[in-house]
1. Give a quick list of chymotrypsin sites (Phe, Trp or Tyr not before Pro) in the range 152-223 that DSSP marks as loop, anything other than H, G, I, E or B, with at most 16 other Cβ atoms within 10 Å.
2. Indicate the gyration tensor shape class of the range 107-257 (rounded, prolate or oblate), computed on the Cα atoms with a ≥ b ≥ c the square roots of the eigenvalues: a/c under 1.5 is rounded; otherwise a/b larger than b/c is prolate and the rest oblate.
3. Considering only DSSP beta bridges where both residues belong to the chain, give the percentage that are antiparallel (nearest 5).
4. Counting only helical runs of four or more DSSP H residues, what would the 222 nm mean residue ellipticity of the chain come to if each run contributes -39,500 (n - 2.57) and the total is spread over all its residues?
5. Taking the alpha-carbon distance from Lys340 and a cut-off under 17 Å, which aspartates and glutamates remain once sequence neighbours fewer than 8 residues away in the same chain are dropped?
6. For Thr199, which sequence-distant residues (separation of 5 or more, or a different chain) have an amide H within less than 5 Å of its own amide H, given hydrogens modelled in the peptide plane?
7. I want to check a number: in the range 226-320, how many lysine pairs have alpha carbons closer than 25 Å, given a sequence separation of 8 or more or different chains?
8. How much FRET efficiency would the formula 1/(1 + (r/R0)^6) give for Glu321 and Lys272, where r is the Cβ-Cβ distance and R0 is 25 Å, rounded to 0.05?
Amino acid sequence: MEGIKIAELLSKKNLNKSHFIYGWIKTFRGNRFISINDGSTSQNLQCVIEYEKINESLLKKINTGASISIYGELIESQGKGQKFEIKVKELKIIGESDPDNYPIQPKKHSLEFLREKAHLRIRTSTFSSVMRIRSALSFAIHEFFQKKKFFYINTPIITGSDAEGAGEMFRVSTLDPTSPILDEKNQIDFSKDFFGKETNLTVSGQLEAEAYALGLGEVYTFGPTFRAENSNTSRHLSEFWMIEPEMAFYNLEKNMDLAEEFIISILNKILKNCSDDLSFLNERQIKEDKNKPLQERSPMNLIEKLNFVVKNKFKRLNYSEAFNILKNCSKNKKNKFKFKVENWGMDFQSEHERFLVEKHFKCPVIVFDYPVEIKAFYMRLNDDKKTVGAMDILFPGIGEIVGGSQREERLDILQKRMKELKIEEKELWWYLELRKFGSVPHSGFGLGFERLVQFATGMSNIRDVIPFPRTPQNANF
Ligand code: 4AD
Ligand code: MG
């Protein structure tokens, strides 16, 4: 089936030549105009038929949702709304569609409705634009690290260490759930399970990436991670993708520099390479915004927001500075936060993060040096003994997009911290060995891929930037 993609057809201006095109029918108007899309671009192609020349039974099959092949000549369009159109010479229906029952009608559907039709929503202009941008971002991420000579590594998806401390995990087991084998204490006997121990889906590839950084130097993972938290928000998925670079001989500052350069570089790439899809989503957002109350409208449209982020430096401040801003702001004093900012050491909620980014600084923010009590065991203790070398990057509309730190490379301090948190050394014996044999200062971070895609596409719900979202009570498809 030799054919040309619509994106290529329109970009190369193959005017006055005939081509084969394959795609799906979006609309059929006036017995003459078939609008088709093949997934290669947000632009539909208008194909004009002379219906007098088409037999009745074929005409009946030209319905929204059907797949079609067309052979015809690309000409300048007479009508408004498109520059070019195809003058159809030959037309075949490949797969018929029942127009009355096809869920994706040529009208506006709500995103909630489309989530229930996740197998077909990719046929809409919005979802195809989002997914093309998602793909371009993926490519840009690999390109960024490969150019810097980082090595791409694949860390395990099934993990045997239950001490990663990044949230609740999904158990992986082949034991019979109705009658699991019990040990003498009447507990489930995981030594009889498939791996001879308790195993889970990974929440992060970091600990294993650290091992590889301490041999390869600079590495990154880009894979699925799983969290069994019951967070039903527009920014949480139970299965999401994370990019985790890990670098030997990096301190926290170098880590922040890399993270900032990384985000700016990949957003620049899509501004350059995805202009059609970004324009489409930009228009969409402007229209959506018009239906919102004034105070909820975004001050910048999508493209302005992306340009703003790539052209301005991120604001960096430590936890204590951020805490003071929040504690003393009038919103806090008027008790307008759900969680009042009172005591140093508290964890910031997303309302606080968004206040810093959207109201106070009006740009992406990096908060670093967090209180030791609210951060993971592996983060490097600062000299003040009260804070660790952690950093979170906060984005407008999203909140936390990156979490990272310098890692504790000193064996005795790491052991002490694990003891305090009751993490058994035997669970992480290999992680401790990395500190016994040639330990070095090292750092890394994790970027939530879907949160990045959300930011880049302006989609307000994270469920709409991954093909088949997994969230509490939802693993359909
Ligand atoms: O801050 P987190 O939990 O950090 C880690 O997992 C570290 N091990 C990363 C590292 O240093 N290598 O998660 C990192 C990022 C968050 O900033 C957020 O963008 C995203 O992952 N994230 C989620 N995205 C979607 N759904 C969820 N449930 C997420 N939880 C975290
Ligand atoms: Mg975090």
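The values are calculated or read from the model by the stated rules, or taken from the named source; none is laboratory data. None of the values given here were measured: they were computed from a predicted structure. Reconstructed Cβ throughout: ideal geometry from the backbone, glycine too, with neighbour counts over all protein chains shown. Side chains are part of the model used for accessible areas, which takes the heavy atoms of the whole protein and leaves out ligands, DNA and RNA. Shrake-Rupley method; radii C 1.70, N 1.55, O 1.52, S 1.80 Å.
1. Numbers: sites: Tyr152, Phe170, Phe190, Phe194, Phe195, Tyr212, Tyr220, Phe222; in loops: Phe170, Phe194, Phe195.
The qualifying sites are Phe170, Phe194, Phe195.
2. On the way: a/c = 2.57, a/b = 1.15, b/c = 2.24.
Here the range 107-257 falls in the oblate category.
3. On the way: 65 of 74 bridges.
For the chain, the DSSP antiparallel bridge percentage is about 90.
4. On the way: 14 runs with 141 residues, N = 477.
Mean residue ellipticity, 222 nm, calculated: -8500 deg cm²/dmol.
5. Straight-distance partners of Lys340: Glu321, Glu351, Glu353.
6. Val172
7. 18
8. Details: r = 35 Å, r/R0 = 1.40.
Once the sixth-power term is evaluated, E becomes 0.10.
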